[in-house]
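Visitor: To start, I am sharing the structure in question, which I have written as structure tokens.
The values are calculated or read from the model by the stated rules, or taken from the named source; none is laboratory data. Because the structure is predicted, anything quoted here is derived from the model rather than measured. As a convention, Cβ positions derive from the backbone with ideal geometry for all residues, glycine included, and neighbour counts pool all protein chains shown. Please note that ligands, DNA and RNA were not included when accessible areas were found on the heavy atoms of the full protein model with its side chains. Shrake-Rupley method; radii C 1.70, N 1.55, O 1.52, S 1.80 Å.
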Amino acid sequence: MNRVARVGLIFISVVIFCYAGIGHILGKTPDDKAYKSLTVFGEVLQKIQQDYVDEPNMRTVTAGSLHGLLESLDTQSSYLTPREYDEFKKKTQNSGTGESGITLSKRFGYVIVISVLPDSAGVKAGIHSGDIFESIAGFTTRDMSVGQAMNLLTGQPGSGVKVAVIRRGKATPDEIDVVREKLVPAKMVVQKADPDTLVLRLISLDSGRADEVRTRLLEAEKQNVHNLILDLRECGRGQVSEAIAISKLLVPSGTLATLKGQTVSTQTFSAEPKQLVWKNPISVLIDATTSGAAEVLASSIVSNHRGDVVGERTFGLASEQKLITLDDGAALILTTANYYNPSGKSIIEEGVAPTEVVHATPEDDSDADDSATAPKKDAPQGPRPLSPEDPIYRKALDMLKTPQKKAA
């Protein structure tokens, strides 16, 4: 290690030790665990510099430690180096940036696909829910945060990025080229299962979606439609504010959700009787591809016993992130609050459990050790056709019809 780098490392370590020591002596915090952690961090840096087999690149070592620090918190928190954050800003500020349409998280140590927007670059490349990305653009996802992965998947429309995809039953990953495209806003799919049952498939919960739902529900009332199926499968994008607004159209009373965090004022979202539009029976379709804002909507229905929720447990991704810039040009994407169901359970930890469990595909005993919240590898892509071959949809429809049969 050259003299300048050595002096810089020693200086950083001294600052850490002094900061920790002075803070502890002055008693600026009742909890000295943070200071102890800082001294350990400084000691580890010194040992690496002194005893590692080769001369280490301390910038790489420090960046790696910060990536690990953020990833140890939760799957959505990320550290972006100054270079990565500069790329991130350029991409997010450019309205013409191309995307993949893929919603990501981490499981089994790798980046995985939760859901894919219909007609997006991801669908056209053959990516589907449950795929595990072993690498993106040649970089292993073992050492990659979700923020970094999303950064790599965005870029100029028409440009490509190579992903290595691990799939069930294959010994080697598939090499797939994803050609980035500018995303087209996903439209709500509106269909009739029969003259008495309206089906609304929400691909995303973008701004204005609640107003669309309200319009469709009022139209259905005028047409004497008595049953509603709300399909939230593959819904992994959108705003929780839209989920809450839709919940208020469907739930007459009670708590819809609560947002809580260490530095975030607790917010409780409640039903508002004046905003109620639909009083008739409801069935909600969910599975492990349902995540984020859609989970808040599904949770409000099931927790208030407003209707049947059919399918499989959702992924568990309902939280809020904040972008925090650092003095050296780097940035943190930090989870600052989680959404809780009316019973006080964290959605990010529990997901949303259906009232009626129905599996989209037969269970495979070989996957018994997999996470219960992992998306199925063979999950279909895009909007599912409403047909008797869809077991979750078929069960929901049967359950809506059962009360009418009993009344007869």
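Visitor: When residues of region 140-157 are filtered for being in contact (Cβ under 8 Å) with a residue 24 or more places away in the chain and open to solvent by less than 60 Å² (accessible area, probe 1.4 Å), how many remain?
Guide: Counting residues in region 140-157 that are in contact (Cβ under 8 Å) with a residue 24 or more places away in the chain and open to solvent by less than 60 Å² (accessible area, probe 1.4 Å) gives 12.
Visitor: Something else now. Do we find a residue being closer than 22 Å to residue 204 by Cα, of a type in the set (D, E, K, R) and either modelled with pLDDT of 95 or more or within 21 Å of the chain's Cα centre (by Cα) (or both) anywhere in region 366-375?
Guide: Scanning region 366-375, I find no residue that is closer than 22 Å to residue 204 by Cα, of a type in the set (D, E, K, R) and either modelled with pLDDT of 95 or more or within 21 Å of the chain's Cα centre (by Cα) (or both), so the answer is no.
Visitor: Confirm whether residue 319 is touching a helix residue (DSSP H, G or I) at 6+ places or on another chain (Cβ under 6 Å) and touching a residue at least 60 places away in the same chain (Cβ under 8 Å).
Guide: Working: touching a helix residue (DSSP H, G or I) at 6+ places or on another chain (Cβ under 6 Å): yes; touching a residue at least 60 places away in the same chain (Cβ under 8 Å): yes.
It is true that residue 319 is touching a helix residue (DSSP H, G or I) at 6+ places or on another chain (Cβ under 6 Å) and touching a residue at least 60 places away in the same chain (Cβ under 8 Å).
Visitor: Let me ask something else about it. Any idea which residue in region 111-130 is surrounded by the most Cβ atoms within 10 Å (Cβ to Cβ), counting only those that are of a type in the set (Val, Ile, Thr) and over 18 Å from residue 202 (Cα atoms)? Walk me through how you get there before you give the answer.
Guide: Filtering region 111-130 down to residues of a type in the set (Val, Ile, Thr) leaves 111-114, 116, 123, 127.
Then keep just the ones that are over 18 Å from residue 202 (Cα atoms); that gives 111-113, 127.
Working: 111: 29, 112: 25, 113: 25, 127: 23.
Within region 111-130, the match that is surrounded by the most Cβ atoms within 10 Å (Cβ to Cβ) is 111.
Visitor: Do any strands (runs of 3 or more DSSP E) lying entirely in region 251-315 carry at least 2 residues that are open to solvent by 30 Å² or more (accessible area, probe 1.4 Å) and not aromatic (Phe, Trp, Tyr), and which ones are they?
Guide: It comes to 255-260, 267-270.
Visitor: If you scan region 279-300, which residues turn out to be over 18 Å from residue 117 (Cβ atoms) and in contact with a strand residue (DSSP E or B) (Cβ under 6 Å, 6 or more places away or on another chain)?
Guide: Across region 279-300, the qualifying residues are 281, 282, 283, 284, 296, 298, 300.
Visitor: Filter region 107-131 for residues that are outside any strand (DSSP E or B) and of a type in the set (A, V, I, L, M) and give the result.
Guide: Listed by number, the residues that qualify are 117, 121, 123, 125, 127.
Visitor: A follow-up question, please. Could you say which residue among 91, 47 is without any contact (Cβ under 8 Å) to a residue 12 or more places away in the chain and open to solvent by 30 Å² or more (accessible area, probe 1.4 Å)?
Guide: 47
Visitor: Inside region 50-78, can you point out the residues that are open to solvent by 60 Å² or more (accessible area, probe 1.4 Å) and not aromatic (Phe, Trp, Tyr)?
Guide: Within region 50-78, 50, 51, 53, 54, 55, 57, 59, 60, 69, 71, 72, 73 qualify.
Visitor: Of the conditions (1) in contact with a strand residue (DSSP E or B) (Cβ under 8 Å, 6 or more places away or on another chain); (2) open to solvent by 40 Å² or more (accessible area, probe 1.4 Å); (3) part of a loop (DSSP other than H, G, I, E, B); (4) not basic (Lys, Arg), residue 134 clears all except one; give me its number.
Guide: Just one mismatch for residue 134, condition (3).
Visitor: Right, next: May I ask you to say which residue of 218, 200 is surrounded by fewer than 22 Cβ atoms within 10 Å (Cβ to Cβ) and in a helix (DSSP H, G or I)?
Guide: None of the other options fit; the residue is 218.
Visitor: To continue, here is another question. Scanning region 233-250 for residues that are in contact (Cβ under 8 Å) with a residue 60 or more places away in the chain and charged (D, E, K, R), which turns out most open to solvent (accessible area, probe 1.4 Å)?
Guide: Ranking the candidates gives 237 first.
Visitor: Which one of these is over 28 Å from residue 175 (Cβ atoms) and part of a helix (DSSP H, G or I): 86, 74?
Guide: 86
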